[in-house]
1. Taking 0.36 nm per intervening residue step and subtracting the Cα-Cα distance, what contour gain separates GLU155 from LYS229 on full extension?
2. Aspartates and glutamates within cross-link reach of LYS69: Cα-Cα under 20 Å, excluding same-chain residues under 8 positions apart?
3. Taking θ = phi - 60°, what integer Hz values does the Karplus form 6.51 cos²θ - 1.76 cosθ + 1.60 yield along segment 92-108, in sequence order, with x for Gly and Pro?
4. On a 30 Å Cα-Cα criterion, which of the cross-link pairs LYS237/LYS293; LYS47/LYS237; LYS115/LYS306; LYS132/LYS306; LYS237/LYS274 come out too long?
5. Kirkwood hydrodynamic radius, computed over distinct alpha-carbon pairs, for the chain: how many Å, to one decimal?
6. I want the local charge near ARG266. Using Cβ-Cβ distances under 10 Å, sum +1 for each Lys or Arg and -1 for each Asp or Glu among the other residues.
7. Cβ neighbours within 10 Å, averaged per peptide: list 94-102, 174-182 in order, most packed at the top.
8. How much of the DSSP beta bridge set in the chain is antiparallel, as a percent to the nearest 5?
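The values are calculated or read from the model by the stated rules, or taken from the named source; none is laboratory data. What you see is a predicted model; the values in this text were computed from it and never measured. With ideal geometry, Cβ positions are generated from the backbone for all residues, glycine too; neighbour counts draw on all protein chains shown. Quick note on the areas: whole protein, heavy atoms, side chains included, nothing else; ligands and nucleic acids left out. Shrake-Rupley method; radii C 1.70, N 1.55, O 1.52, S 1.80 Å.
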Amino acid sequence: MESKTQNKLIDTFGREHSYLRISITERCNLRCKYCMPVEGIKLSPKKNIMTADEIYSIAKTFVEHGVDKIRLTGGEPLIRKDAPEIIERLASLPTTLAITTNGVNVDQFIPLFKKCGIKKLNLSLDTLNAEKNHLITRRNYFDRIYKNILLLVEEDFEVKVNCVLMKGENDDEIIDFINLTKKMPLAIRFIEFMPFDGNRWNLNQMVSLEEILKKAVDEFGIAQIQKLKDPPTDTAKHYRIKNYRGNFAIISSVTNPFCDGCNRIRLTANGRLKNCLFSSAESDILSLLRKNKPIVPAIKEIIKLKFKTRSGMDTIEQFNDPEIHTKNRSMIAIGG
Ligand code: SAM
Ligand code: SF4
């Protein structure tokens with residue numbers, strides 16, 4: 001019998017891994033240009049994708065080893081046919097269950113979310129302009145997504161809106177997004193554009209934390225911007241415009257990595273563990289599970305191999321080395 005501490009998933013830097021992000025599908029109903037390569041991706045054969053039973057079994061093992069938060073992601077998690085079954089089963093574990101979705105189908109899931117006690121949802125929306133949304137997502141669902149955000153707020157969900165900023169595309173909308181927080185209790189999260197295989201990343205297209213804050217200060221004045229307290233393991237830096245109902249935050253993985261408090265581990269839809277978003281190393285725990293072999297030693301091993309910062313990319317210059325990110329998967333196949 002393992003002791004409580006032995007049971008926990010702690011890396012060589014003392015970081016306890018209590019947050020599991022599970023991608024349940026590599027498929028998506030959108031084609032966001034920063035995520036899905038224009039030529040698409042080679043999907044894993046269906047037989048290699050975790051079944052609902054396997055997802056539950058792996059998640060349960062993690063919960064027995066200290067995980068107290070699970071997030072379902074993808075691809076688009078809500079297009080998987082058995083998503084309701086997966087959600088319902090994971091909700092029975094003693095952990096917080098959260099979901100990241102593009103919002104296209106989210107309205108159909110509201111009764112299930114309520115039944116399962118899911119209160120927090122992250123939705124992705126990069127522009128408030130329908131035509132631009134079509135260009136970024138290569139699909140035409142803006143009205144549906146926007147309506148769904150309003151519906152979720154009305155239904156009292158805590159909604160975070162993820163907005164990936166790219167220069168010349170949507171950086172002129174930073175203030176429009178912050179203005180949404182005046183009347184609505186939304187949390188807008190601006191995300192620095194990150195490099196992954198096939199997304200044609202270039203540093204000049206990224207909008208940095210510094211630039212986002214400058215735009216906010218120029219518009220609202222520094223005295224109006226309150227810095228909120230950031231939870232220790234949170235990846236975002238939070239702010240509020242005085243007297244606004246909602247808030248905004250910046251996820252600056254490129255210019256200001258937040259690795260010191262990292263508590264995350266990722267499971268891909270084909271059952272591989274990744275110890276960092278930027279790591280190309282993977283551990284195939286699904287094959288072990290299918291051979292009836294123990295998975296805990298492999299989980300502990302990949303957590304031990306975790307680097308201190310961004311999978312060893314300590315400087316921003318290293319991001320400019322295309323070798324590094326083309327060795328990694330596309331974001332669509334990792335699960336952000
Ligand atoms: N389909 C769901 C969605 O879009 O919310 C979940 C999966 S998506 C891969 C998860 C998150 O990753 C989204 O918020 C998306 O904006 C973000 N993302 C994807 N590619 C990114 C990139 N290159 N840089 C920064 N964030 C990215
Ligand atoms: Fe699909 Fe989400 Fe990637 Fe957009 S960001 S292509 S919605 S997985």
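1. Result: 24.0 nm gained on full extension.
2. Answer for LYS69, where 20 Å is the Cα cut-off: ASP11, GLU16, ASP53, GLU54, GLU85, GLU88, GLU158, ASP230, ASP234, ASP260, listed by chain and number.
3. Per-residue couplings from phi come out as 7, 7, x, 8, 7, 10, 10, 9, 10, 9, 7, x, 4, 10, 5, 4, 5 Hz.
4. Violating the 30 Å Cα-Cα cut-off are LYS237/LYS293; LYS47/LYS237; LYS115/LYS306; LYS132/LYS306.
5. 20.5 Å
6. Every neighbour counted, the sum reads +4.
7. 94-102, 174-182
8. Among the beta bridges of the chain, antiparallel pairing accounts for roughly 30 percent.
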